[in-house]
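One structure below.
The values are calculated or read from the model by the stated rules, or taken from the named source; none is laboratory data. If you're wondering where the values come from, they're calculated on a predicted model, not measured in any experiment. Cβ placement follows ideal geometry from the backbone for every residue including glycine, while neighbour counts extend to all protein chains displayed. What goes into the accessible areas is simple: the full protein's heavy atoms, side chains included, and nothing from ligands, DNA or RNA. Shrake-Rupley method; radii C 1.70, N 1.55, O 1.52, S 1.80 Å.
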Amino acid sequence: MFNFLKDTIAEIVTENFQQTISPATIQINATPTDYVGDCTIVVFPFTKFSKLNPEATGNFFGEKLKEKNSHIESYNVVKGFLNIVFNQQFWLAELSKANADKTFGQLATTGRKVMVEYSSPNTNKPLHLGHIRNNLLGFSIAEILKACGNEVIKTTLVNDRGIHICKSMLAWQKFGNGETPASSGLKGDHLVGKYYVEFDKAYKAEIKNLVATENISEEDAAKKSLLMQETQQMLLDWEAGKPEVMQLWTMMNSWVYDGFAITYKKLGVDFDKAYYESNTYLLGKSAVAEGLQQGVFVQDKDKSVWIDLTADGLDRKILQRKDGTSVYITQDIGTAQLKYDDYKMDESIYVVGNEQDYHFKVLQLILKKLDKVYADGIYHLSYGMVELPSGKMKSREGTVVDADDLMDEMIEAAKQKTIELGKLDDGFSEIEKEKLFYTIGMGALKYFLLKVDPKKKMMFNPDESIELQGNTGPFIQYTHARICSILRNNKLQRISLEDSIKNYPLHSLEKALIQEIYLFPIKIEEAGKEHNPAVIANYVYNLAKEFNSFYTELSVLKAEHESEIQFRLHLVEMVAKVINKSMKLLGIEVPEKM
């Protein structure tokens, strides 16, 4: 209907003012709750055609729209805003269409291919709370973009080489005594992370000792550190392919991958393709040669290679050191080409924290200057950091909020809260109980992290996230379970929705639910355009709120007339379907019983 109104308004402009406007430029939104209307059209831009004031312009377009559309019951104008009210036949017909559409919420195929890169962990430590937000954002936006009709490829770039990886390797060599995940009982990523912390402790102790015994500065002590020298040598040996170093690297990375797989499965995310830095870190070399040949890059006297971006408001950026080694952005240039060669995608989304905003501005600009056809399709889904009431996290000091621990704590909190509130239905087996606690706990965690606009820094409050009231995952899950209970308790012979809506007098609370259902595909399109899962999260919360308002005021199974029972059963069943589909876009399961 929004698109129909836009097309009709464009026709009205052409017919009455001999002007052409694009329907896409016309602004239509849901009417705010404190005004009368189902949708609101912004008419200020039309005053240049009408030569009338905004109110008169609104009345002119309102009358013309009403003439052209029998579903418009009335309209009103508030300053430059035209509020449209549709009749109940329109809303009943829309409910019927949505109900008949088994793929409701799946938009038409676009023919576009989109890659979403997320997670991108280091293999020297386990995943933490920040990684959880990253993974959930990446997975959710991938699901939303699929629903928008795109072909989506989910990828991750694993940072499996470099000095930080060698720190864990060296510490295990020195202090590990052959410890393995099997012998220690630790997940592989936790074991390797343990030695990353051990390295930092040993390194700090060495620096402190050098400062005290040789009376030198910390900076000079760092230069004399034997541990750091050994680590740097290990990196050189890795790059040279020294067999014993490669064997150690392969073994410890395999431990980490096994650990990551467990975490990803519990978190409910996956990937279609994994890229590895160990395979891509040299890819930028050809890009440097290409840039020099095109005159986009310049080489200084010391043989280092640079690009000057000062005319673009950025800075002069090094791309290759004087010793011929690449820097991180050079690798990203090469990897961007590799990914495009593999998939020829129209859009490449990088889910990376906002501390890398500048990096991605530079990356995209360099690719544009190299005339890469895919440069305009690069999009940095920048997100704010997650903090806890206790403050920031530091990996080297072992004070991070471990992803596995956090998920376990959320599941346990869900168990305690459910038992405490007496919300557990009878008849659950122990296996069903554990599944339910997992579903509620993970739903609470995921929803709390996804309901906030990605661009914003956020504070994660575990206690608040698990509440059964308010804007939380468990509240929405409980709403779904409540509807399923209503449907299970129905003993009537159901008639079709088409039969139940004949001459049905629609209640305002029923209409409000249908209006929310109607918005579902619109919100999916909005979330896809904005790359923002919070649009879906807050939409499904509003739908759950509308249902609870409806359920408080109107009975379903004990309604006065059988026609009301029949219609409301279809209505609430559709609400449950949309809640389920919405939450799946967020990677969240909804239980049928609680």
Does the stretch 550-573 contain at least one residue that is touching a residue at least 40 places away in the same chain (Cβ under 8 Å) and closer than 23 Å to Lys446 by Cα? no
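Conditions (1) of a type in the set (Val, Ile, Thr); (2) under 29 Å from Leu450 (Cβ atoms); (3) out of contact with any Phe, Trp or Tyr (no Cβ under 9 Å at 6 or more places or on another chain), marked per residue:
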site	(1), (2), (3)
Asn124	no, yes, no
Asn134	no, yes, no
Gly149	no, yes, yes
Thr155	yes, yes, no
Asn159	no, yes, no
Ile165	yes, no, no
Ala171	no, no, no
Asp189	no, yes, no
Glu214	no, no, yes
Which of (1) at pLDDT 95 or above; (2) out of contact with any helix residue (DSSP H, G or I) (no Cβ under 6 Å at 6 or more places or on another chain) does Pro389 not meet, given it meets every other one? (1)
The stretch 542-594: number of residues that are surrounded by fewer than 19 Cβ atoms within 10 Å (Cβ to Cβ), of a type in the set (Asp, Glu) and farther than 18 Å from Ile476 by Cβ: 3
Please indicate, with yes or no, whether at least one residue in the stretch 321-343 is touching a residue at least 60 places away in the same chain (Cβ under 8 Å), assigned to a loop (DSSP other than H, G, I, E, B) and not polar (S, T, N, Q). no
Pairing a residue in the stretch 460-487 that is in contact (Cβ under 8 Å) with a residue 60 or more places away in the chain with any residue that is assigned to a helix (DSSP H, G or I) and among the basic types (Lys, Arg), where Cβ atoms lie under 8 Å and the two sit 6 or more apart in sequence or on different chains, gives Gly473/Lys446; Pro474/Lys417
Among the candidates His507, His531, which residue alone is under 22 Å from Lys584 (Cα atoms) and either over 27 Å from the mean Cα position of the chain (by Cα) or open to solvent by less than 20 Å² (accessible area, probe 1.4 Å) (or both)? His531
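Residues checked against (1) within 21 Å of Ala576 (Cβ to Cβ); (2) among the basic types (Lys, Arg):
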{"residue": "Lys457", "(1), (2)": "no, yes"}
{"residue": "Pro462", "(1), (2)": "no, no"}
{"residue": "Ile466", "(1), (2)": "no, no"}
{"residue": "Asn471", "(1), (2)": "yes, no"}
{"residue": "Arg482", "(1), (2)": "yes, yes"}
{"residue": "Leu487", "(1), (2)": "yes, no"}
{"residue": "Glu498", "(1), (2)": "yes, no"}
{"residue": "Asn503", "(1), (2)": "no, no"}
{"residue": "Lys511", "(1), (2)": "yes, yes"}
On the basis of being at pLDDT 95 or above, touching a helix residue (DSSP H, G or I) at 6+ places or on another chain (Cβ under 9 Å), crowded, with 16+ Cβ neighbours inside 10 Å and not acidic (Asp, Glu), does Ile476 make the cut? yes
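Quick check on the stretch 345-360. Is at least one of its residues closer than 20 Å to Lys154 by Cα, out of contact with any Pro (no Cβ under 9 Å at 6 or more places or on another chain) and assigned to a helix (DSSP H, G or I)?
For the stretch 345-360, residues closer than 20 Å to Lys154 by Cα, out of contact with any Pro (no Cβ under 9 Å at 6 or more places or on another chain) and assigned to a helix (DSSP H, G or I): present.
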Taking the stretch 114-134 only, how many residues are of a type in the set (Gly, Ala, Ser) and either assigned to a helix (DSSP H, G or I) or modelled with pLDDT under 95 (or both)? 2
Looking at the stretch 301-321, can you tell me whether even one residue there is charged (D, E, K, R) and surrounded by 15 or more Cβ atoms within 10 Å (Cβ to Cβ)? yes
Candidate set from the stretch 450-471 (those that are in contact with a Phe, Trp or Tyr (Cβ under 8 Å, 6 or more places away or on another chain) and within 14 Å of Tyr541 (Cα to Cα)); member that is least open to solvent (accessible area, probe 1.4 Å): Ser465
Single match in Asp308, Asp270 (criterion: touching a residue at least 12 places away in the same chain (Cβ under 8 Å) and acidic (Asp, Glu)): Asp270
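Conditions (1) of a type in the set (D, E, K, R); (2) surrounded by fewer than 19 Cβ atoms within 10 Å (Cβ to Cβ), marked per residue:
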position	(1), (2)
Ser96	no, yes
Ile132	no, no
Ile144	no, no
Val158	no, no
Ser168	no, no
Glu179	yes, yes
Gly185	no, yes
Leu191	no, no
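Table: residues versus (1) charged (D, E, K, R); (2) buried (at least 22 other Cβ atoms within 10 Å of the Cβ); (3) over 20 Å from Leu267 (Cα atoms).
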{"site": "Gly138", "(1), (2), (3)": "no, yes, no"}
{"site": "Glu151", "(1), (2), (3)": "yes, no, yes"}
{"site": "Thr155", "(1), (2), (3)": "no, yes, no"}
{"site": "Ile165", "(1), (2), (3)": "no, yes, yes"}
{"site": "Trp172", "(1), (2), (3)": "no, yes, yes"}
{"site": "Phe175", "(1), (2), (3)": "no, no, yes"}
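Residue-wise test of (1) free of Cβ contacts under 8 Å to residues at least 60 places away in the same chain; (2) among the β-branched types (Val, Ile, Thr).
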site	(1), (2)
Lys64	yes, no
Ile72	yes, yes
Val85	yes, yes
Leu107	no, no
Arg112	no, no
Lys146	yes, no
Gly149	yes, no
Val152	yes, yes
Trp172	no, no
With within 19 Å of the chain's Cα centre (by Cα) and not hydrophobic (A, V, I, L, M, F, W, C) as the only criterion, which of Asp453, Asp408 stands out? Asp453
Among the residues listed as Lys64, Lys48, the single one being open to solvent by 40 Å² or more (accessible area, probe 1.4 Å), modelled with pLDDT under 95 and either in contact with a Gly (Cβ under 6 Å, 6 or more places away or on another chain) or farther than 30 Å from Glu498 by Cα (or both): Lys48
Is it the case that the stretch 322-333 has a residue that's open to solvent by 30 Å² or more (accessible area, probe 1.4 Å), under 25 Å from Ile165 (Cβ atoms) and in contact with a Ser or Thr (Cβ under 9 Å, 6 or more places away or on another chain)? yes
State all residues of the stretch 255-298 that are under 24 Å from Met345 (Cβ atoms), of a type in the set (A, V, I, L, M), surrounded by 18 or more Cβ atoms within 10 Å (Cβ to Cβ) and within 24 Å of the chain's Cα centre (by Cα); if no residue qualifies, say none. Val269
Hey, does the stretch 493-504 have a residue that's closer than 29 Å to Lys415 by Cα and either open to solvent by 10 Å² or more (accessible area, probe 1.4 Å) or touching a Lys or Arg at 6+ places or on another chain (Cβ under 6 Å) (or both)? no
In this structure, does Glu230 turn out to be open to solvent by 40 Å² or more (accessible area, probe 1.4 Å) and either under 24 Å from Val158 (Cα atoms) or at pLDDT 95 or above (or both)? yes
Over the stretch 267-315, the set of residues closer than 30 Å to Asn253 by Cβ, in contact with a Leu (Cβ under 7 Å, 6 or more places away or on another chain) and in a strand (DSSP E or B) is Tyr275
